[in-house]
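Only one structure is covered here, and it is reproduced in the block below.
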Amino acid sequence: MKRVVITGAGTINAIGHNVAETLEGFREGRCGIGPLDFPDVERLSIRIGGQVRGYDAEARFNRQQLALYDRFTQFTLLAVREAVAQSGLSFDGELAARSGVVLGNSGGGMTTLDANYRSVYEEGKNRVHPFVVPKLMNNAAASHVSMEFNLKGPSFTVSTACASSNHAMSQAFQMVHGGMAPVMVTGGSESMLCFGGVKAWEGLRVMSKDACRPFSANRNGMVQGEGAAVFVFEDYDHAKKRGAEILAEVVGFAMSSDAADIVMPSKNGAARAIRGAMMDARINPEEVGYINAHGTGTAANDKTECAAVADVFGAHADRLMISSTKSMHGHLIGGTGAVELLACVMALRDGVIAPTIGYEEPDPECALDVVPNEAREARVEVALSNAFAFGGLNAVLALRKV
């Protein structure tokens, strides 16, 4: 089996338009959540989100591209460009034929869908743009990435709600690990911050009107974000042979299904995924120094996740650092695990643990070291990234310092 390493990373999200800005945001505990800005926002009861601000699509893409690229596709392509540039790879010949892209996404082209429903139902128009379907389909981003970068190997999209990115990256890991592909471009993206997208989430009554405060006793719900993060997963021998810079090693993953409830999380399902990732990575619980939590800021999720961590790690749970960066960039739904993996890479590579900001009151049901409000310097050898989605779909990745 092949060792799998990360040789490139890229992102655009509410706290940074690239990796350097995002890691700086993590270190500073910068909050990217603020008032939403789009048509009819005044009709919503939820008016905050982790929106990508200062973004000019016309400065990044030409008119023909914008006719095909929904906002989630635009974010994906920008992240991939940064990741591939850092990796130093050029895809041609045999490398292009065997390399591919697996991305996570949940809402697809929600902004395209919202705009065209408005056009047809509110404005009474009888025709829509001929590219509406290829623009809104969930696999649009993966397809455009494969075309722009000449990736002719396995290319597809995984859609498992809030675990989409982790499931996608797990599949990419498995392909490189098993020798199917020498390189896989992987991660996730989402852009559901439009009237229809937020209105649908309002109906679940899990959204906060003021802030995302994971693990804090006064937490009152999640806050949506948008953006993308993408990584280059590469065969270790291939990377070493060409002298590539290695950011971290992906050493294991596991998936589980609660098979219980469509929205309520299960401690047992989460615990099985965490244990499975460590077993796959052949690491002991005591080796894990940091967990990037799913940590949505809802009452049920946070206490269930903390209970699962305590169950898996026992006494070592008190020595673990666990934080939720959703408090800064919001919950990117299908893209969230990919942005959060950046915090794991930062912990391993730079020895900086991203904080859980907005933390105000201790909760006895979340009595772990949640790195409250300020980043922390610490030596970490192994990190886990948790994703626990609606539908009871769980995916956990394990990374090791190189």
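Treating r as the C-beta distance of R127 and Q64 and R0 as 30 Å, the FRET efficiency rounds to 0.95. Among A142, A308, A378, the largest mean-square fluctuation in a Gaussian network model of the chain, built with springs joining Cα atoms closer than 10 Å, belongs to A378.
Modelled this way, with points 7 Å down the Cα-to-C-beta line, the labels at S90 and A367 are 6.0 nm from one another.
Among F72, F149, F38, the ranking by other beta carbons within 10 Å of each residue's beta carbon, starting with the fewest, stands as F38, F149, F72. Ranked for footprinting exposure by Cβ neighbours inside 10 Å, fewest first, R43, R213 give R43, R213.
In this structure, the amide hydrogen of S155, modeled 1.01 Å from its nitrogen in the peptide plane, lies closer than 5 angstrom to those of V101, counting only residues at least 5 positions away or on a different chain. Applying a DSSP loop filter and a limit of 13 other Cβ atoms within 10 Å to the trypsin sites (Lys or Arg not before Pro) in segment 159-237 leaves R205, K209.
Anisotropy class assigned to the chain is oblate, per the alpha carbon gyration tensor with a/c at or over the 1.5 cut-off and a/b no larger than b/c.
Using a Gaussian network model of the chain in which every pair of alpha carbons under 10 angstrom is joined by a spring, one finds that among T298, T11, T336 the greatest mean-square fluctuation is at T298. Full extension of the chain between E24 and V402 gives 133.9 nm of extra length, using 0.36 nm per residue less the Cα-Cα distance.
In sequence order, segment 318-326 has phi-based couplings of 6, 9, 7, 9, 9, 9, 10, 7, 4 Hz under the Karplus curve 6.51 cos²θ - 1.76 cosθ + 1.60, θ = phi - 60°, and Gly or Pro positions carry x.
When shorter helices are ignored and each DSSP H run of at least 4 residues is given -39500 (n - 2.57), the per-residue value for the chain at 222 nm works out to -10000 deg cm²/dmol. For segment 250-255, the Karplus equation 6.51 cos²θ - 1.76 cosθ + 1.60, evaluated at θ = phi - 60°, returns couplings of 8, 10, x, 7, 8, 10 Hz by residue, with Gly and Pro reported as x.
Ordered by the count of other Cβ atoms within 10 Å of each Cβ, fewest first, T325, T111 give T111, T325. Counting lysine pairs in the chain that sit 8 or more residues apart in sequence, or on different chains, and whose Cα atoms lie under 18 Å apart gives 8.
Here the extension length gained between D261 and D318 equals 17.6 nm, from 0.36 nm per residue of separation less the Cα-Cα distance. Beta bridges assigned by DSSP with both partners in the chain are antiparallel in approximately 65 percent of cases.
Evaluating 6.51 cos²θ - 1.76 cosθ + 1.60 at θ = phi - 60° for every residue in segment 341-346, the Karplus couplings come out as 5, 4, 5, 5, 4, 4 Hz, glycine and proline recorded as x.
With the chain treated as a Gaussian network of Cα nodes joined by springs under 10 Å, which of N220, N373, N126 yields the largest mean-square fluctuation? Sorting by GNM fluctuation, first place goes to N126.
Values quoted throughout were computed directly from the atomic coordinates according to the rules given, and no laboratory measurement underlies them. Just so it is clear, the structure is predicted and the values come from calculations on it, not from any experiment. Positions of Cβ are backbone-derived with ideal geometry, glycine not excepted, and every protein chain shown enters the neighbour counts.
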